[in-house]
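Notes for the one structure printed next.
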Amino acid sequence: MNNNWLTILKGMYGRYAIHNLMLYIVIGQAIVFGFNYIMGSTGVNLPGLLEFSAPAIMHGQVWRIISFIFVPPISSMLIFTILAMYFSWLIGSSLENEWGAFKFNIFYLTGIIGTIIGGFITQYTTNTYLNLSMFLAFASIFPDMRILLFFIIPIKVKYLAWADAFFLLVSLITSPWYVRVAILISILNLIVYFGPQMLERVRLWRRRAKWKRNFR
């Protein structure tokens, strides 16, 4: 996003920025997960009541417009769900520390708005691709950061990002149209923020390639 616009917006609304935004979202997800884990045997499906559903919203369940961001990643193994929530917090807090609370708020908010719009177009959406776009933003800034995969295997973030990009590409080709819309919206959010940087990197690469050719 254009830094001049961000500076203007920050001057006007910066005081409303929510600090530690991802911490609050992950805490919300943990509460939903914990409630569902405890009450699951009763047949109560809290994540199902919070998921985005355009038909349900039109019938009065208006909380679903925003509550879908608190739906936790669900896995058959508890440890994977906990790791996914921890990783979301790590990514979000790192981006906030790098950008500042206001810019991170704007990035996540535009992602939410895009996801909601896509949800009304397709009748359904999730927070999966919203969070994936956040990870790709993180990887573009900290490509060489090493993390311990499963707390054991050291791996650079950029390699995980390439794997996720491949997953997105395959999903874009093979998935139903409503999933494609969600993926494209998440990619668009990245382009809005990182498009100018990507173009500058391409220009720099071309200048270097031209310089090498002339030098030879």
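No value in this document is a laboratory result; all are computed from the given coordinates. Here the structure is a predicted model, which means the values were calculated and not measured. Heads up, the Cβs are rebuilt from the backbone with ideal geometry, glycines too, and the neighbour counts pull from every protein chain shown.
Backbone geometry of segment 65-70 corresponds, through the Karplus equation with coefficients 6.51, -1.76 and 1.60 at θ = phi - 60°, to 3J(HN,Hα) couplings of 4, 10, 5, 4, 5, 9 Hz, x marking Gly and Pro.
Please label the shape of segment 77-129 as rounded, prolate or oblate, based on the square roots a ≥ b ≥ c of the eigenvalues of the alpha-carbon gyration tensor (a/c under 1.5 means rounded; beyond that, a/b larger than b/c means prolate, else oblate). Oblate, since a/c reaches 1.5 and b/c is not below a/b. For 166, 138, the sequence from fewest to most other C-beta atoms within 10 Å is 166, 138. Among 59, 19, which comes first, then next, by fewest other beta-carbon atoms within 10 Å? Fewest-to-most Cβ neighbours within 10 Å comes out as 59, 19.
A straight chain from residue 20 to residue 152 at 0.36 nm per residue would run longer than the Cα-Cα distance by 44.7 nm. Ranked by how many other Cβ atoms sit within 10 Å of their own Cβ, fewest first, the residues 64, 146 fall in the order 146, 64. Residues in segment 46-59 carry Karplus couplings, in order, of 5, x, x, 7, 9, 4, 6, 8, 4, x, 5, 4, 5, 9 Hz; the curve used is 6.51 cos²θ - 1.76 cosθ + 1.60 with θ = phi - 60°, and Gly or Pro positions show x.
Annotation: amide H of residue 125 within the under-5 Å range of 52, sequence separation 5 or more or interchain, hydrogens built in the peptide plane.
Sequence-ordered 3J(HN,Hα) estimates for segment 88-96 from the Karplus curve with 6.51, -1.76 and 1.60 and θ = phi - 60° stand at 4, 5, 4, 5, x, 5, 5, 5, 5 Hz, glycine and proline given as x. Relative contact order, whole percent, for segment 1-150 stands at 28, derived from Cα pairs under 8 Å and 6 or more residues apart.
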